[in-house]
């Protein structure tokens, strides 16, 4: 059974600082997603990482994927308050053949002025 | 970009009644739809996977007779919560994909059972 674990689960940081959220998964997969969720809202797609070594950047967020280590990171550069949200990574469960997404627990990010 | 429309956005119902939630893909053929449930401050938990024209596959612990899923066309799936109870109160999110393309999520439905 595929397990996806995020670290940390809660993160409070100051504006202007850098930080990284980690996402580990337990079985082979070449497709990893990062989503943002604001309170009371659905998921907003941030990144789709499709291959080993993939790196994608959008504004102050950068995501990378290491399929050999089964690890993805979401790096936040010079954080601003607007980035406060819950961030989820998710992995396609290819082993089951049904291609269903398995989510991590989520990282609740709070950025303080 | 691909859009998934979910309706209603929120619903309040009395205990014992049934509620239907609709999920539509507006500009692509949703060969597979997924239904998730999210309790406050928790992650999304997959309830079931449905492929157009076939019976839904439910995750372990999800009662198929309570959560009825119909995926009758390539653009519409419905989730009916039957005989709802307060513990069914949650945020329900549908998602859809065409083939193996990335998922697109609906805006979610907040169900409150009184």
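When chain B is treated as a Gaussian network with alpha carbon springs shorter than 10 Å, the biggest mean-square fluctuation among B:73, B:100, B:54 belongs to B:100. Of all the options B:13, B:23, B:94, the one that moves most in a Gaussian network model of chain B with Cα springs shorter than 10 angstrom is B:13.
Taking a quarter of the surface of the Cα convex hull of segment A:1-62 gives a mean projected area of 5.5 nm².
Each distinct pair of alpha carbons in chain A adds a 1/r term; the inverse of their mean, the Kirkwood radius, is 14.1 Å. Taking label positions 7 Å along the Cα-Cβ direction at both residue B:60 and residue B:7, the computed distance is 3.8 nm, reported to one decimal. By the beta-carbon count within 10 Å of each Cβ, the least crowded to most crowded order of A:46, B:103, fewest first, is A:46, B:103. Counting Cβ atoms of other protein chains within 10 Å of each Cβ in B:38-46 and taking the mean gives 5. Counts of other chain beta carbons within 10 angstrom of each beta carbon in peptide A:102-108 average 3. Its alpha carbons give segment B:65-114 an Rg and a Dmax of 12.7, 39 Å. Computed over chain B with a Gaussian network model linking Cα atoms closer than 10 Å, the most mobile of B:95, B:43, B:77 is B:43. Restricting the calculation to Cα atoms, segment B:14-114 shows an Rg/Rh of 0.95 when the hydrodynamic-style radius is the Kirkwood one. The mean count of C-beta atoms from other chains within 10 Å of the C-beta of residues in B:90-102, rounded to a whole number, is 2. Pairwise inverse Cα distances across segment B:1-47, averaged and inverted, put the Kirkwood hydrodynamic radius at 13.0 Å.
A viscosity of 1.567 mPa s and a temperature of 4 °C, combined with the Kirkwood radius over Cα pairs in Stokes-Einstein, give a translational diffusion coefficient for segment A:44-101 of 101 µm²/s.
For the protein assembly as shown, the direction-averaged projected area of the alpha-carbon convex hull comes to 12.2 nm².
Read-outs throughout are calculated quantities, based only on the coordinates presented, and are distinct from any laboratory measurement. This is a predicted model, so every value here is computed, not measured. Note that we place each Cβ from the backbone using ideal geometry, even for glycine, and neighbour counts take in every protein chain shown.
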